[in-house]
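Visitor: There's a structure below that I have some questions on.
FYI, it's all coordinate maths here, none of it is from the lab. All values reported here derive from a predicted model rather than from experimental measurement. Every residue, glycine as well, gets a Cβ built from its backbone with ideal geometry; the counts of neighbours run over all protein chains shown.
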Amino acid sequence: MSEMNRREALTLIALSPFAVGATSSTAQVVPPPAPTPPPAQTQQRKFFTPHEYALAVVLADLILPADERSGSASSAGTVDFIDFMLVDEVTSEGARVQVRGGLAWMDLESKRRYQRPFLQLAPAEQTAILDDIAWPARAKPEFTHGVSFFSRFRDMVASGFWSSQVGVRDLRYIGNVPHMWNGCPPEALQRLGVSYTA
């Protein structure tokens, strides 16, 4: 008897409930339920208000802007990922308060400096605020709340981006695929004074 491979074994295990049901004279084979369609691209936000969402998009794209290799953080769905994570039961209430409070802090700091909310600032003005909170070791004591928020938000943006399809492509991760090696490069063979030919 030939040895059963793993794929065959898993197939048999998956089909065993149907085989048991088929032995009964009254049992009917019921097809498995149809797969549920994927959620629509425009999912309803559950945490962010419309203003918070717009502010989060701008911040995420300032953290990870589009470049020649990949799209921006928001184009990868990062802000929707953060919105989802903030309503998940494993996320602490403290994290929710910190993100919501941090977004409000961004607007308060913008109004203090420039008399306008963050979304109405010029890019250089937005960057000036972020420069004061992006490096915790260099930040002034009065920016403690902003630093704490921005560190958490930046981590969430990075987690969302590099676990998305866009982010995985940005990492150039090709997955579990064979990689053919064509041997040692000719210049290395020449330096060693050897060759593949006899």
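Visitor: Between SER159 and LYS46, what FRET efficiency comes out of the Förster formula 1/(1 + (r/R0)^6) with R0 = 22 Å and r the beta carbon distance, rounded to 0.05?
Guide: On the way: r = 18 Å, r/R0 = 0.83.
The computed FRET efficiency comes out at 0.75.
Visitor: Rounded to whole Hz and in sequence order, give me ³J(HN,Hα) for region 91-105 from the Karplus expression 6.51 cos²θ - 1.76 cosθ + 1.60, θ = phi - 60°, writing x for Gly and Pro.
Guide: 7, 6, 4, x, 5, 4, 4, 5, 5, 5, x, x, 5, 5, 4
Visitor: If r is the Cβ-Cβ distance from VAL194 to LEU171 and R0 is 41 Å, what FRET efficiency results, to the nearest 0.05?
Guide: Numbers: r = 35 Å, r/R0 = 0.87.
Once rounded, the FRET efficiency stands at 0.70.
Visitor: When the gyration tensor of region 84-198 is built from Cα positions, what are the square roots of 5 times its three eigenvalues, in whole Å, from largest to smallest?
Guide: Details: eigenvalues 458, 83, 34 Å².
In descending order the semi-axes read 48, 20, 13 Å.
Visitor: Moving on to the next point. Want the number for GLU68 to ARG100: 0.36 nm per residue separation, take away the alpha-carbon distance, what's left? Show your work: numbers first, answer last.
Guide: Values: separation 32, 0.36 × 32 = 11.52 nm, distance 3.21 nm.
Fully extending the segment from GLU68 to ARG100 adds 8.3 nm.
Visitor: Can you sort VAL79, VAL147 by how many other beta carbons sit within 10 Å, fewest first?
Guide: Details: VAL79 25, VAL147 20.
Result, fewest neighbours first: VAL147, VAL79.
Visitor: Here's a follow-up. Quick one: go through region 42-72 and flag any residue whose amide nitrogen is under 16 Å from the point 7 Å out along the Cα-to-Cβ line of LYS111.
Guide: 51-52, 55
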